[in-house]
Every structure is written in structure tokens, then in C-alpha cells.
Amino acid sequence: MDIDAREKSHKTLREIFEKRIKQLSKLPRLRDDASIERSIEEGGFSRRDFMKWAGAMTAMLSLPASFTPLVAEAVKVADRLPVVWLHMAECTGCSESLLRSASPTIDSLIFDYISLEYHETLMAAAGWQAEQNLENAIEKYKGRYILMVEGGVPLGNAGSFLTIGGHGKKGRDIAADAAKDAAAIFAIGTCSSFGGVQAAAPNPTGAVALSEVTDKPVINVPGCPPSEKNIVGTLLHFLLYGTLPALDVYNRPKWAYRLRIHDLCERRGHFDAGEFVERYGDEGAKDGYCLYKVGCKGPYTFNSCSRNKFNQGTSWPVQVGFGCMGCSEPDFWDTMGTVGEPLKDKLYHTVFGGMGADATADKIGVSLLTVTAVGIAAHAAISVIKKPKE
Ligand code: FSX
Ligand code: SF4
Ligand code: F3S
């Protein structure tokens, strides 16, 4: 794109965002007891910290740095959007990832600040009152609320593996009903995006992805759990654009899931140099070598962990010395082989055979995952020949 065209497109984008923020700011605030400024201050952050955070989110959403003030403005109107958060079959790690870090992050503060109309693990209400809250929120904010769902949806035995509340309402019906009048639907975590651990073979409860119980578009934010940045970024994207983000073939936002873990991994230099950890605790492990041979699935996994990390950017699986398990990919429990071991040749050929090394999730389409593992395996094998054990 030439400079003129780029400036024009930035101008258009700026106008879209300004219009959207203006529209949202006209809506009534849903919470009187909080302002983002106060939440940030009470969380121990300065305005400077907040702007730094907004700058990082702007970059993450692939927007130019000059959009940072607009992103910060968008956060301020986040309390106009009611959020309904449902739990299906899962471990609640997705909520934990976002909300229960030892010290609050700006991301978690934003979740405290938005109007969570219904969230089973956080709200004070219980029993009949909780059920009533959900019905009221759906009715009151019809067509306006964002639905976030955590967990797979069990369909087996007519949905009876997950019943919630006094009337024994089935999880699948609760999710389907809540989806009907939502303004946007986010499947938070791999369970909700693809079925997750519940759906691992033999999938006794018949668990499926959220997208199987609604005809409406679902934005998948996978990861077991997903990073807080991917969750908050998806919300921010919706606030700014008011539309669905560009999605890959698995309905994951491209701004977060377009690159493989392997593409930006801090150990990538060692992979390219053929320097591998052969066993946990060996000299290579101490030197921070590549974890491919001890089971890292980073070359087949699209997610932003190597850029964003977890726990306030402190660390991520590869940094602590345990390879990526492929947790943001569909059916990773079944397709990523044994934990701690590289994928076996047979699986490479069945799942990845015939794909080019530059393949993206889109190009691969419905076949699973990413680049040709044959190529990856060949690289690892060649490196053994080139680099005999020292
Ligand atoms: Fe699943 Fe989230 Fe993994 Fe757990 O709920 S994505 S099991 S971290 O908590 O749904
Ligand atoms: Fe990093 Fe894993 Fe790729 Fe090695 S195989 S470079 S540890 S992502
Ligand atoms: Fe999951 Fe791999 Fe990231 S296991 S958390 S996608 S490093």
C-alpha cells in the first residue's frame, strides 16, 4: 500500500472508531460505582501505566501507535456494554487466567470495570436469584449484551450431562437461549471454541463447541486457558469496530492467532541451529535449547503466547522449559500426540502430510493445524546428523 492510500485508510478507520466511541458514550453507564480511572488508580497503576498498556494493546491489534488515545477512549466506554458470561463443562481456568492473578493487571481491572451482568463464579447472587439475574439481563439488554461462554457444551444423553439450577435446565439450552439475543458471541477458551478436554476421545458426554448450538457467528478465543490479552483484546476490538474481526478458518481473530508459537519463539535460534534439549535436565535444557524433541508443539500451534506471555507478561510455557502442548488448536488432546514427545511419524503423515512449510491455518482449511510436520521432523533429524551428541 502506498503512503497516500495508507493515510486514507487510517483516516477512515479513525472516523469509524470516533463514531463508534461517540455512539457508545451516549448509552447510559451500567455501573455508577466505578470509573476506569478510579479502578486503575485503586489497582495501584498510574495514568502513565494505563497509557503504556493502551499502547501495547494498540500494537497487538495491529493499529498504528497514533491510535493509542482512541484505544484508551474505547476502554472508557466499556462499561456501556453488558456482558453475560456462562460456564459450561470446564475447569474455570479461563476465568482464573483473567481475574485471579496474584496482583491485579490492567486487563483484570478492566474486567472488574465492565458490567458483568452474570458470571456464576463472581456474582454474589446464588440459587433462584442467580437464575433470575440471567433471565433479567437477557431480557433487559436484548440485542445489546456480549455473550462470553467458557466450556464445552455436552449434548450426549439429550444434554443431561450438564444441568444447571433448580429447574434442571440443560447447559445446551441455556447457551442456545443466551446466544439468541446477543450482540456478539465469544467462545472463551478451547473447550468453548472446540470442545476441549471434555471432547477428547471417547468424548463420553458428547461435548461440542459453542458454535454447534447456535446459528449465529461465534468468535473463538481458544487456549487452555487463553491469555488475558487475547480475551481483553477481542472485547476492545468489538468496542472499536462494532463488527467481527477478521477470522481464520477456525474463527479465531487473526490479530491474535495468525502466527505460530514457533514463529516468534525465544528459542527459535536454537531450533534453526539444530540445538535441542534431548532430555529434561540435560545440558541443553540448562542452556535454554529448543524443546521440540521433548514434545514442543509450537510449530503446529497458532497463538500469541510467545509475544504476550501470561501473568503480566512474566512467563509462558516455553520460557519455563516445558514445550507448548498445542492447547489453542482443535482437538489438541487427540491430535498432538503424547505430552513430552514429538509427534510420531505416522501422525505427521496422517495429519500434516502434503502441506507446505509456509502454510497458514487458512490455507490448510479443514485439515488440521499448520505447517508440514514432515519438514519440521526432517529439520530435527538433519540437525542430529549435522550435530552429533557432544
Ligand atoms: Fe477449558 Fe476454560 Fe481449559 Fe479450563 O474454562 S480451555 S479446561 S483452562 O477453564 O474452558
Ligand atoms: Fe520454540 Fe518449540 Fe519452536 Fe523450539 S519447537 S523454537 S521451543 S516453539
Ligand atoms: Fe497453549 Fe502452547 Fe500457549 S500450550 S498456552 S498455546 S505455549
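The values are calculated or read from the model by the stated rules, or taken from the named source; none is laboratory data. Since this is a predicted model, take the numbers as computed values, not measurements. Cβ sites come from the backbone with ideal geometry, for glycine too, and all protein chains shown count toward neighbours. Side chains included, ligands, DNA and RNA excluded: accessible areas come from the protein's heavy atoms. Shrake-Rupley method; radii C 1.70, N 1.55, O 1.52, S 1.80 Å.
Here are the numbers for this structure:
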quantity: For N230: the one exception among (1) modelled with pLDDT of 95 or more; (2) touching a Ser or Thr at 6+ places or on another chain (Cβ under 7 Å); (3) closer than 30 Å to A56 by Cα; calculated: (1)
quantity: Enumerated helices (runs of 4 or more DSSP H) restricted to the range 121-203, each holding at least 2 residues that are under 16 Å from I219 (Cα atoms) and either touching a residue at least 60 places away in the same chain (Cβ under 8 Å) or aliphatic (A, V, I, L, M) (or both); calculated: 171-180, 190-194
quantity: From the options E90, E150, residue that is open to solvent by less than 10 Å² (accessible area, probe 1.4 Å), in contact with a Cys (Cβ under 6 Å, 6 or more places away or on another chain) and of a type in the set (D, E, K, R); calculated: E150
quantity: Pick from the range 179-195, criterion within 16 Å of ligand 1 (Cβ to nearest atom) and either more than 20 Å from the chain's Cα centre (by Cα) or open to solvent by 10 Å² or more (accessible area, probe 1.4 Å) (or both), ranking: farthest from L98 (Cα to Cα); calculated: F194
quantity: Members of the range 297-315 that are within 15 Å of ligand 1 (Cβ to nearest atom) and modelled with pLDDT under 95; calculated: F310, N311
quantity: Which numbered condition H87 fails, given (1) closer than 30 Å to D49 by Cβ; (2) touching an Asp or Glu at 6+ places or on another chain (Cβ under 7 Å); calculated: (1)
quantity: Residue match in the range 224-237 (condition: in contact with a Gly (Cβ under 6 Å, 6 or more places away or on another chain) and in contact (Cβ under 8 Å) with a residue 24 or more places away in the chain); calculated: yes
quantity: Any hit, the range 276-289, residues being within 14 Å of ligand 3 (Cβ to nearest atom), outside the structural domain of C94 (by TED's automatic domain parsing) and in a loop (DSSP other than H, G, I, E, B); calculated: no
quantity: Any hit, the range 227-237, residues being in a helix (DSSP H, G or I) and not assigned by TED's automatic domain parsing to the domain that holds C191; calculated: no
quantity: Test result for Y300, more than 30 Å from L109 (Cα to Cα) and within 16 Å of ligand 3 (Cβ to nearest atom); calculated: yes
quantity: Subset tally (residues that are touching a residue at least 60 places away in the same chain (Cβ under 8 Å) and either surrounded by fewer than 22 Cβ atoms within 10 Å (Cβ to Cβ) or in contact with a Cys (Cβ under 6 Å, 6 or more places away or on another chain) (or both)) for the range 284-305; calculated: 2
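Let's see how each residue does on (1) open to solvent by less than 20 Å² (accessible area, probe 1.4 Å); (2) within 9 Å of ligand 3 (Cβ to nearest atom); (3) not in a loop (DSSP other than H, G, I, E, B):
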| residue | (1), (2), (3) |
| --- | --- |
| R307 | no, no, yes |
| Q312 | no, no, no |
| V318 | yes, yes, no |
| G323 | yes, yes, no |
| C327 | no, yes, no |
| P330 | yes, no, no |
| W333 | no, no, yes |
| G337 | no, no, no |
| G340 | no, no, no |
